[in-house]
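Engineer: Sharing a structure here in structure tokens format.
The values are calculated or read from the model by the stated rules, or taken from the named source; none is laboratory data. Everything numeric here is computed off the predicted structure, so don't read it as measured data. Positions of Cβ are generated from backbone atoms using ideal geometry, with glycine treated the same way; all protein chains shown enter the neighbour counts. Heads up: the accessible areas ignore ligands, DNA and RNA and are worked out on the full protein's heavy atoms, side chains in. Shrake-Rupley method; radii C 1.70, N 1.55, O 1.52, S 1.80 Å.
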Amino acid sequence: MLPLISTVPQTLSPPLSFHFHPFPSSSTPSLSLHIPLKNTLRIRSIDAAQPYDYESHLRTQHLKSQSLKIAILGFGNFGQFLSKTLSRQGHTLLAYSRTDYTDIAKSLGVTFHSNPHDLFESHPEVVILCTSILSTEKVLQTLPFQRLKRSTLIVDVLSVKEFAKNILLKYLPVEFDILCTHPMFGPESEHDRYAAGSQFVTHTMGRVLERFGLDSSPINTKGYDTLLDLVENTAGDSFELYYGLFMYNKNALEQLERLDMAFEAIKKELFGKLHHVYRKQLFGNADEGAEERPKVQKLLHNGAPPSADVVKQETS
């Protein structure tokens, strides 16, 4: 603690008076300043502020040691979202995009570069690819990777992982580290199969309902509100993203065919019920006395339906 020295300033009239009153439980004196003016200022101090806070300095040094210089390629909606999150964690953010996002980047505390050469010459330790699925390969072909350090980590956040891994291995120098991630990425393998079963199906149903023209009403049920939310969420993404989910995920076509088969099965079931109603209207109760045989299609041992010849033999 700094020593306290009693002095009388010569520039003030009347002079200041200093009185030291030791505390009963502490040997640290208190400082009382009595100024015989209209308003009396009374200051008590148990400890004086130190010009060098050691603990604060250690904390700052620790944060700096954990901080990374991160470059984001593609500063669209998701790139900006990542910047907000990473900036709050104390990292230094750089960004590059074909569109000029200088003002938005400045508001987020991100340094925006309009040229990838200038960005890579800043030697970021991590480069995150936030480009669209369709443009990623073209972007990789134009980036000056030779300006980066060999220890650079390249991270992708594409919605398809097998495609991302293959093109990164194809275009990146072998010295670089690669990390394939996704906002929904978990510990399971075969990510694309799970994504096709959830993300692609969700986007497909949302876009189908959007084309259908789903509108809100004063008597919406909770289920209907859920469908409206689905339409709103999927409509906010570009069709380029949806097409990329279909084009670069080999499981997407299978899911699309399954959706089509499921829709046709429901239509057949509905029309089958309708056929029964029409028949009853045409023939009345004439068929009620006839004993109906259950019509069950038999399968052969290999699971295939019976041939036409076998059916004729059974019915004769």
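Engineer: Taking the stretch 67-108 as the region of interest, how many residues are in a helix (DSSP H, G or I), of a type in the set (Gly, Ala, Ser) and either closer than 20 Å to residue 142 by Cα or more than 21 Å from the chain's Cα centre (by Cα) (or both)?
Structural biologist: Adding up the residues that qualify gives 1.
Engineer: Something else now. Anything in the stretch 109-138 that is at negative phi, part of a loop (DSSP other than H, G, I, E, B) and open to solvent by 40 Å² or more (accessible area, probe 1.4 Å)? List them, or say none.
Structural biologist: Selection gives 114, 115, 121, 125, 134.
Engineer: Look through the stretch 231-268, keep the residues that are of a type in the set (Phe, Trp, Tyr) and either in a helix (DSSP H, G or I) or at pLDDT 90 or above (or both), and return whichever of them is farthest from the chain's Cα centre (by Cα).
Structural biologist: It comes out as 263.
Engineer: Given the structure, is residue 281 modelled with pLDDT of 65 or more and either open to solvent by 100 Å² or more (accessible area, probe 1.4 Å) or among the acidic types (Asp, Glu) (or both)?
Structural biologist: yes
Engineer: Show the residue pairs that are 6+ apart or on different chains and have beta-carbon atoms under 8 Å apart, the first residue being within the stretch 145-163 and at pLDDT 95 or above, the second being of a type in the set (S, T, N, Q).
Structural biologist: Filtered contacts from the stretch 145-163: 155/181.
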